[in-house]
Every structure is written in structure tokens, then in C-alpha cells.
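Following: one structure in C-alpha cells, then a few remarks.
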Amino acid sequence: GPVRVSGSAGTGKTIVAIHRAVRLANRNSDAQVLLTTFSKPLAQALTRKLEVLAEISGEAIDRVEVATLNQAAITLFTRWYRQPNLATSSQVRAAIADARKAGLAERLTESFLFEEWDELVDAWGVDSSDEYARLPRIGRKTRLGSVQREEAWAVFAFVRNRLADRGLITLAQVYRSLCEGLATGRPTPFTHIVVDEAQDLSVAQVRFLAAISKLRADAAFLCGDIGQR
């Protein structure tokens, strides 16, 4: 089944992840393993360690692909749909600023609205005012009453429309589209995903991994320091 390996820094989680990826590739003739993490430097480090393992053990690594999870997701989205035109943080902030200039949520700051969009609304795929009104805001320091949520949602609706009008998509929306594609049976280029530094996964990424996990029992293997999550 799916596995989570947890431990503090220096306990060997990365080495476990690399051995797991190679084991999966060698044990299953049809396996295509994605060994992944959250940043390019870490992915490059995984590649070097994987090459060392192959050199000293003689194990084949040709069915193991190393990439950041975002790289893999964008590649898959492009294969299934199109090349995504990703929205930048600056474009989202500009849309929020324009919404406030139009008189929306003037009592809430732009920085607060951006964090609310980034950490909750976009991350969880909230697409209606009713859903936002029911959304738990655990960990957010500023409390919002029902009226304030209505005001904030007017801004988020403005942002969603602005991005859609300009053909822009966020990374969280990329992952949601991939989940929808998996649910309809679209084929994936990998059978297993082994994740290093899993504590840095976003909500959208975790949901994508959950969707992958439904394809086969041992598809997901996550290594991370949950004390840093």
C-alpha cells in the first residue's frame, strides 16, 4: 500500500527513497517510476545519488525518471491538454489591487487577500462563495465574519475572472485538472511516485498524489520530516 517514511534531518530518508525507486523499477517490468521532490537543486542531487547507486550496485535505473513534481505535472498537463500559461504571483497581486481600486473589500489589505487566495482559496480549489463561507481557516491569524468573507470572495471572484479572461492558470489549477483527468481514465507516463521532502508538498500536490494512489496500491511512497510540515 501507500507508504510514509518520516524522520528528522540526516536520518537517511533520501537514501531510502532512492533505493525504493530503484527497487520498484527492477521488480516490475512495466514500472515507470517518478522520483521527485519540490526544487530543482534537490532533484539534481537525487539524480547524482541515483547514478552513484547504479554505479556501485549495477542496478538499472532506466525506468526511473527524476524531476520536480511541478515539472512532471506541467509536462503531463501539456501532454493531456496544452502548454499552460501560468499565472505569476505578480499578476495575482495586480488583480487583487485592481479589485480593491474598484471598491471591493476595501477594509482588507492586499497582502492579506493574496495570502488568503494563495493558502486557501486557490490551494483548495474553492469555486463559490458558499464553499468559501464553509471553509475552515485553521492556522490563519485573522478571523473573518460572514460579511467579511462575502467581501473577500468578491475579490477572489474578480481574480478568477481576470485570470480566465487572460488565459492564465495557476499551478494549483494545473493539479486539479490532472486529478480530473485521472478520474476519467487518462493514461499517466508513470506507475509509481516516490517523493523526497514530502513535508513541503502543497495541498494541490497531495491531492494529485492521492489520485495517483487510486491507480494501484503501491503507487505512492513519501519520505519527509513531518516536524517541518
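The values are calculated or read from the model by the stated rules, or taken from the named source; none is laboratory data. Every value quoted in this text rests on a predicted model; they were computed, and no experiment measured them. Note that we place each Cβ from the backbone using ideal geometry, even for glycine, and neighbour counts take in every protein chain shown. The protein model used for the area step is the full one, side chains on, heavy atoms only, and it has no ligands, DNA or RNA in it. Shrake-Rupley method; radii C 1.70, N 1.55, O 1.52, S 1.80 Å.
Structure summary
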| item | result |
| --- | --- |
| ASP218 vs. criteria open to solvent by less than 60 Å² (accessible area, probe 1.4 Å) and either of a type in the set (A, V, I, L, M) or over 19 Å from the mean Cα position of the chain (by Cα) (or both) | yes |
| Pair list, Cβ under 6 Å, 6 or more apart: region 1-15 residue in contact (Cβ under 8 Å) with a residue 24 or more places away in the chain, other residue assigned to a loop (DSSP other than H, G, I, E, B) | GLY1/ALA217; SER8/ASP225; LYS13/GLY7; THR14/ASP196 |
| Residue selected from region 119-165 under the condition within 21 Å of the chain's Cα centre (by Cα) and of a type in the set (Phe, Trp, Tyr), by the criterion most open to solvent (accessible area, probe 1.4 Å) | TRP124 |
| Tally, over region 102-117, of residues that are part of a helix (DSSP H, G or I) and open to solvent by less than 40 Å² (accessible area, probe 1.4 Å) | 5 |
| Which numbered condition THR191 fails, given (1) open to solvent by less than 50 Å² (accessible area, probe 1.4 Å); (2) under 26 Å from GLY103 (Cβ atoms); (3) more than 17 Å from the chain's Cα centre (by Cα); (4) of a type in the set (S, T, N, Q) | (2) |
| Considering residues of region 1-28 that are in a loop (DSSP other than H, G, I, E, B) and out of contact with any Lys or Arg (no Cβ under 9 Å at 6 or more places or on another chain) only, the residue surrounded by the most Cβ atoms within 10 Å (Cβ to Cβ) | PRO2 |
| Of all residues making up region 63-100, the number that are touching a residue at least 12 places away in the same chain (Cβ under 8 Å), closer than 22 Å to SER39 by Cα, open to solvent by 50 Å² or more (accessible area, probe 1.4 Å) and part of a loop (DSSP other than H, G, I, E, B) | 2 |
| Among the candidates ARG143, ARG160, ARG134, residue that is among the basic types (Lys, Arg), without any contact (Cβ under 8 Å) to a residue 60 or more places away in the chain, touching a Lys or Arg at 6+ places or on another chain (Cβ under 9 Å) and at negative phi | ARG143 |
| Index of the failed condition, THR47 passing every other in (1) open to solvent by 80 Å² or more (accessible area, probe 1.4 Å); (2) among the hydroxyl-bearing types (Ser, Thr, Tyr); (3) farther than 30 Å from ASP165 by Cα | (1) |
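Yes/no matrix, rows are residues, columns are (1) more than 19 Å from THR191 (Cβ to Cβ); (2) open to solvent by 70 Å² or more (accessible area, probe 1.4 Å); (3) in contact (Cβ under 8 Å) with a residue 24 or more places away in the chain; (4) under 22 Å from the mean Cα position of the chain (by Cα):
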| residue | (1), (2), (3), (4) |
| --- | --- |
| ASP30 | no, yes, yes, no |
| VAL33 | no, no, yes, yes |
| THR36 | no, no, yes, yes |
| LYS40 | yes, yes, yes, yes |
